[in-house]
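Shown next, in structure tokens, is the structure this report addresses.
The values are calculated or read from the model by the stated rules, or taken from the named source; none is laboratory data. Fair warning: this is a prediction, and the values are worked out from it, not measured in the lab. Glycine gets a Cβ as well: all are built from the backbone with ideal geometry, and neighbour counts include every protein chain shown.
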Amino acid sequence: MNEAGSKRLVVDGSHCKGCGICVAFCPQNALGLARGKCTLLASDSCTLCGMCEQRCPDYAVFVRQAHDEEALLHG
């Protein structure tokens, strides 16, 4: 069983083209575009539901376990 506290939203800016689909589908309005890329504007509102990950056509947004995020950033 996963705890929400061990999950993180990860945005790969090198893949994000700033289409805004993730922003449009975020049910909590936690995402926005900054400098042409997806960004988490309201981390306290994000429920890590994964809608952004499911809708991103470029696979640039991920909900990952904290240890998976570290591997992505440092691996």
Filtering the range 26-46 down to residues that are of a type outside the set (A, V, I, L, M, F, W, C) and not in a loop (DSSP other than H, G, I, E, B), which residue is nearest to the chain's Cα centre (by Cα)?
Thr39
Count - residues of the range 1-36 that are at pLDDT 95 or above, under 20 Å from Gln65 (Cα atoms) and in contact with a helix residue (DSSP H, G or I) (Cβ under 7 Å, 6 or more places away or on another chain)
3
Quick test for you: out of Asp68, Asp58, pick the one residue that is acidic (Asp, Glu), modelled with pLDDT of 95 or more and surrounded by 13 or more Cβ atoms within 10 Å (Cβ to Cβ).
Asp58
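For residues that are of a type in the set (Asp, Glu) and without any contact (Cβ under 8 Å) to a residue 60 or more places away in the chain, scanning just the range 30-70, find the one that is farthest from Leu9 (Cα to Cα). Quick ask: steps written out before the conclusion?
Just the residues of the range 30-70 that are of a type in the set (Asp, Glu), to begin with: 44, 53, 58, 68-70.
Now restrict to residues that are without any contact (Cβ under 8 Å) to a residue 60 or more places away in the chain: 44, 53, 58, 68, 70.
Details: Asp44: 12, Glu53: 9, Asp58: 15, Asp68: 11, Glu70: 12 Å.
Top of the filtered list is Asp58.
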